[in-house]
Every structure is written in C-alpha cells, then in structure tokens.
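Only one structure is covered here, and it is reproduced in the block below.
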Amino acid sequence: MAYLLGVDTGGTYTDAVILDEAEDRVIASAKSLTTRPDLSLGVGRAIDAAVAQAGIAASEVGLVSLSTTLATNALVEGQGGRVALIFIGFEAAELARAGLEEAMRGDPVVRIAGGHNHAGAEAAPLDMVAVESAALRLGPEVTGFAVASAFATRNPAHEVAARDAIRRLAHRPVTCSHELSAGLNGPRRALTAVLNARLIGMIDGLITACEAHMALLGIAAPLMVVRGDGALVSAGLARERPIETILSGPAASIAGASWLTGENEALVSDIGGTTTDVCLLRDGKPQIDPLGARVGPYRTMVEAVAMRTTGLGGDSEVHLLEGLEAGLRLGPRRLMPIALAARDWPDLVHGALDAWLGMEAVGEHDGRFAIPMWRGAAPAGLGPREAAVAERLQAGPMRIADAVRTRLELPALTKLVSRGAVMLSGVTPSDAAHVLGRLDSWDAEAARKALTLFARRRNGRGDRIAPSAEMLAERIVDQLTQQTVDCLLEAAFGEDAQSWPGEAPEGLARHPLTRAAFSGHRGVVRLNASLGVPVIGLGASAPSYYGAVGARLGARMILPEHAGVANAIGAVVGQIAMHAEGIVTSPGPGIFSAHLPAGPARFAAQADALAALETALTEEAMAKARASGVEELRLIVDRDVREIEVEGQPMFIEARLRVTAQGRPRIAIG
C-alpha cells in the first residue's frame, strides 16, 4: 500500500495532506506558517504533523507533490530577483510592447545584433563579443539572465549560443525564450523569459527545502510540482522553468475542488493570504486560457488555467482612501498581520502600539513595522540609500519610522520590499477577523490595539474614521466581501462576454445597475440578479468570509470539508502532461520547412515535413514524460493545418503540431 503526500506553500500557510491511494480518501491534514526566509521550517512542520496524524511511517509515502502560490504572489506584488535581458535582433521600440519595459523595472537590457527571420534563416550574425562582454560585466550584479532572440521559435541557434556563453562566463541561471513558448510574439516571449529568470531563486529554494526534509525523514518517493495548467512536472523541470508554476496553487485548488465536491459546473473562489483566484469549473474541469496566463499586470505565454487572479487576501494591506467619507481599499500588496508580528516579536509590537496609542495624533507610519527577510549579510547590489536602510534592519524588525530616517529613504524601503528583502507589517483583514473573534490563531490583543490606532485616522471632515476597533473591523470585512463579490462577478461576466460585446467584465461587475440588481432594488423599477452556478469557497479563511459573499450573490455557497487544504489535495490527484510544439511553414513553392527542436529542415513534400516534425515532437514529449516518472504513456497529437483557397485550389500556409505525452507519475512502493 502507498500513501500520497501533497504539500502546498502559500504566502501565509504551508499545508500538507496525506491520501490513502487504495481508498482514495484524505487520512490526515496539517497546516504550518510559511517561514521566510527559511522555507524548510514551515514545510518540515507541515509534513511532520501530517505524517504523525496519519499514523504511518514516512517510508510508506510513495509520491510527494508540491503546489505553490509563491510565484504568483511574487508577480502580483512586483517581487523577484534582479535580472538582465539579452535582447537579440530586436529594435529598441519593441521594449515598450507587452509590458516588457515596465516588467524590467530598471534592470539592465542589452540589445545585441543577431536574430533570424520568419523562415528561420539568419537575419544578422550574432555579436558574440557583445554577449560575452555583457555576461562578464553583469554577472556579479544579477541573479539570472533572460535571453530572447528574434524568431527564436523558428530557429533557436542564437539563443542557445548566447545561453552557453553566459553560463560559461557569468555562472548564473539563464532562461531562453524559445524554451518556454512556441509563439511568435517576441516581446511577450521576452517578458515570459524575464519573469522566469526572476523567479528561479525563489522556486529553487522551495524545492530544495522540500527535498531536504524528505531526505531527513527517509522518503524516497519522487517529488513532483504542479504546473499552472494543473499537470504535474518533475522537480528538476520546475527548477528550470519556475514561470510554469504561476497559478500552480490555484490550478491545484481547482483539481482539489472537483475531487472534494464532485460538482461539474461552479465558480471556484480560492482566498489565500495574498490573492483571490477565481475559475469556472465546467464538466468537472477548468478551462485553459488560450491567450496565456495573466497574473497581475502581465500577460505571459505560459499555458495555464483560465484564472482571474486579484491581489486580495486575508493579509491584504488596508488602504485609507482620501475624501469626506474616507473609504477603504484592500490590496494588492500583502502585509504581515499585526497579530502575527506580535506573536513573534511581542515586546516590539506591543511596546510601539502602546506608545502610539498614548499620543493624540496618529503619525504617517504609526502602526507599521519593517521586517528583514534575509539572514546574515544584507542583500548585494544595493544603492547607498537602500544599503543604509538595510544596515539599520540588520538589528531585526523595527518601526518603519526607525528604519527610515528621511523621506528620501522611503523609495529605498519600497525597493527593498519589491525585491522581497523586506516585508511590511500593518493592519489586514486577518487582524479584523481576530478583533471580531472569527480567528484566534495569533495575538488578538495586538490586533485590537492596531485597529484602535487605525480608527483614529481622520476623514476629509476631520472626524475619526471609526468610533472603535470593532466597527472598523466590520468595515474591513465588509470591504473584503464587496471586493470578493467583484472578483466573482468579473469572472462570471467574462464567461458570458458574448452576451455583452464590447463591454469589459470589470465595468459590468461594478456598474450601478449590477449593484442595484444584486441588492434587490425595489422602486418604480424592480431589479433582481443572481449567479447561475454555485460557488465553491476554498482557503483557510473562506468559512470566515464567504457566507456573506454567497448571500450577496444569491448563490449556493459550498464550503467543503478540507477546503482549507484543497490545494495540497489537488497537488497529488493530477497527471503528468508533457508538451512539445512545432510548426511547418512554406517559404516558397514546393518547399516545406519543418522547424525542428534542432533547427529548421526543408522537404519537398508537405506530408514529409509534417511526419518529420511529428516524429521529433513525439520523441521530445515522450522523453520528457519518462524523465518525469511516467511509465504508462498516452499520446495525444493535435494538428492545425492552415490553408487558403486560390483559384479553386488549396494553398498551404502553415501547420502547427502539438504532441502531449501524459500519465500518472511513478509511485514508489517499499
């Protein structure tokens, strides 16, 4: 008999579940706080607790599968390592496309001569001297490189040559755009490669933490990682392509929701510490986003479930809006809840809160703390102001006012936060839930003090925004409910987009008539609206908030048993699915070019080119699947042959082939 261990690492909690493979049921589940910078602590505690609760020997675990929201959260919050983009054969203006320039955030971009044309022929020789110079100059300054070359999906030779030179000279991880997508959109491929390079260190750290604890316990089972489309991949592949783990946690939660409820059609809403992820379950399966995964402001070329991810969670930052009424807004940045910070540093947090409450006026940074996320020496590559702030934080967490001495240092602190080197602590919905007695995980008294202080802030009329911590807590929870309703309505209107051509789902979700209809407006006009499908609420905090969400939407709200660990369940019920894609083009009459993984090859017959490409792609997909541990393979071949009719005769334009090799991963027994 073998047992399956699923682990999900989120921004706040790491979950672990154990499934009995023979009986197909959950026999244990556990939660532990995600511990940064040392992820191994949280991962280890969750695994240990689940194994102990199941009453099994660790050696009986036959498969371990990991899902995570860390990559998604990092992109939503604008975090990640400093990277360099080697941009081969592109014009400078192309940096402005696809959000690429914004995504670089001032990181170095080196434009280099080279690239190919649409037929795969060399457009200009690759300037290897410039590549080697950039590798030597930038290697010490960055955590990784992204390489994107014009038409690399038609011929990857220049990307491969640049990658090899950078690895040899800079000794840094390198991501090539053609390895992540077969699409032609160069700037979007470059964006995807940049984001991948930025995430490598983070995902490598998580996988290493999981593998280390498996070795410590004597678990000899293979480790799989959930990809953004819900399929499983080997840990080795996830290390190279961490971008494919964006929406990993949400994809696993969809699989978990289907497994837990048996529902065929429903909106699945998964609330975590940082994000809320909404997806439509149809015929028991999520749909794949045909345009590529969108996370925060970025549209990548990564295949993933059609998920709407919003920076809204239990640990979202509470913003006070300007105006006479001083409304509230949550997210998208995640803060460490005051209640959690007080649990770990009680003297600092309670001492500061008591001092602030003893004053009449509320300062700009009162109630907020800066928490360093590194160990040992401060992060490298800091400017003078960032280094000064980091030097003060070497002593440990402190009030923001102590970490930042002048207004000129505020952007420096913001940059440290964006790099993931520092985390801020402040008021969050989790603190509000502690004040209202809906949660009791951490220090409720500290949460009450923090909300009392926050409630003393003034609106545009000079009045306090709330008379008490409890009333402010109710307002925060109401705001979370409203923003969750907006997330679900955006997804619903998005699915029904054909009914309102030209109308954005975001606008429809917030339209006054929509709000009136869901509120049951009664007047000369009577309005009613409700969702046509149930909502499955997932996440540890879903029971605390989602009852009101269901009532607001007039929908059946399903909160399944084990909803808090659905991601970890979904991590072990999926299959491995490895894809290989390629294209056949016709650069001239009677010439068919098959763009093989090794480069283009020409044929005189269309059928021969298609057959050669299918053979190469089949070998590639099967090799990947077997390397990931699949023993019984199933092959799926999709062909999309595009032709037009000229004078009554079909004329070949191009053909796209996609070969998928899939199956369940090998389970270690004994």
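The values are calculated or read from the model by the stated rules, or taken from the named source; none is laboratory data. Computed from a predicted model, the values in this text were never measured in an experiment. All Cβ positions, even for glycine, are placed from backbone atoms using ideal geometry, and neighbour counts span all protein chains on display.
Below, the figures for the structure above:
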{"read-out": "Helices (runs of 4 or more DSSP H) enclosed by the stretch 371-478 - at least 3 residues per element that are under 31 Å from the mean Cα position of the chain (by Cα) and more than 21 Å from Arg329 (Cβ to Cβ)", "value": "384-393, 410-418"}
{"read-out": "Residue match in the stretch 542-554 (condition: touching a Gly at 6+ places or on another chain (Cβ under 7 Å) and aromatic (Phe, Trp, Tyr))", "value": "yes"}
{"read-out": "Condition check for Ala540: within 26 Å of the chain's Cα centre (by Cα), among the aliphatic types (A, V, I, L, M) and assigned to a loop (DSSP other than H, G, I, E, B)", "value": "yes"}
{"read-out": "Matching residues in the stretch 580-595 - criterion: being of a type outside the set (D, E, K, R) and either closer than 13 Å to Val659 by Cα or not assigned by TED's automatic domain parsing to the domain that holds Phe652 (or both)", "value": "Ala580, Gly582, Ile583"}
{"read-out": "Checking Ala96 against (1) aliphatic (A, V, I, L, M); (2) out of contact with any strand residue (DSSP E or B) (no Cβ under 9 Å at 6 or more places or on another chain); (3) not assigned by TED's automatic domain parsing to the domain that holds Gly144, the condition it does not meet", "value": "(3)"}
{"read-out": "Total residues in the stretch 637-650, condition modelled with pLDDT under 90 and either surrounded by 12 or more Cβ atoms within 10 Å (Cβ to Cβ) or in a helix (DSSP H, G or I) (or both)", "value": "1"}
{"read-out": "Some residue of the stretch 410-424 being surrounded by 16 or more Cβ atoms within 10 Å (Cβ to Cβ), closer than 29 Å to Phe518 by Cα, modelled with pLDDT of 95 or more and not assigned by TED's automatic domain parsing to the domain that holds Thr143", "value": "no"}
{"read-out": "Yes/no for Glu265 being in contact with a Pro (Cβ under 9 Å, 6 or more places away or on another chain), of a type in the set (D, E, K, R), in contact (Cβ under 8 Å) with a residue 12 or more places away in the chain and more than 19 Å from Thr14 (Cβ to Cβ)", "value": "yes"}
{"read-out": "Odd one out for Val630, checked against (1) modelled with pLDDT under 85; (2) loosely packed, with under 12 Cβ neighbours inside 10 Å", "value": "(2)"}
{"read-out": "Any chance Val7 is modelled with pLDDT of 85 or more, among the hydrophobic types (A, V, I, L, M, F, W, C) and not in a strand (DSSP E or B)", "value": "no"}
{"read-out": "Criterion: in a helix (DSSP H, G or I) and either among the basic types (Lys, Arg) or touching a residue at least 40 places away in the same chain (Cβ under 8 Å) (or both) - qualifying residue of Gly42, Gly114, Gly99", "value": "Gly99"}
{"read-out": "Lone qualifier among Asp283, Asp344, Asp277, Asp289 - being acidic (Asp, Glu), farther than 30 Å from Gly460 by Cβ and under 14 Å from the mean Cα position of the chain (by Cα)", "value": "Asp277"}
{"read-out": "Only listed residue being buried (at least 23 other Cβ atoms within 10 Å of the Cβ), touching a Lys or Arg at 6+ places or on another chain (Cβ under 7 Å), closer than 23 Å to Gly574 by Cα and not assigned by TED's automatic domain parsing to the domain that holds Asn185, chosen from Val268, Val278, Val305, Val295", "value": "Val278"}
{"read-out": "Residue check, Ala361 touching a Ser or Thr at 6+ places or on another chain (Cβ under 7 Å), of a type outside the set (Asp, Glu) and not in a strand (DSSP E or B)", "value": "no"}
{"read-out": "Looking only at the stretch 174-219, and only at residues there that are assigned to a helix (DSSP H, G or I) and polar (S, T, N, Q), the one that is surrounded by the fewest Cβ atoms within 10 Å (Cβ to Cβ)", "value": "Thr208"}
{"read-out": "Residues that are touching a residue at least 12 places away in the same chain (Cβ under 8 Å), among the aliphatic types (A, V, I, L, M) and outside any strand (DSSP E or B), drawn from the stretch 285-337", "value": "Ala293, Met301, Val302, Ala304, Ala306, Met307, Leu312, Leu324, Ala326, Leu335"}
{"read-out": "Restricting the stretch 594-617 to residues that are surrounded by fewer than 23 Cβ atoms within 10 Å (Cβ to Cβ) and either at pLDDT below 90 or in a strand (DSSP E or B) (or both), the residue that is farthest from the chain's Cα centre (by Cα)", "value": "Phe603"}
{"read-out": "The one condition in (1) surrounded by 19 or more Cβ atoms within 10 Å (Cβ to Cβ); (2) assigned to a loop (DSSP other than H, G, I, E, B) that Glu490 fails to fulfil", "value": "(2)"}
{"read-out": "Residue match in the stretch 82-92 (condition: farther than 21 Å from Ala162 by Cα and either in contact (Cβ under 8 Å) with a residue 40 or more places away in the chain or β-branched (Val, Ile, Thr) (or both))", "value": "no"}
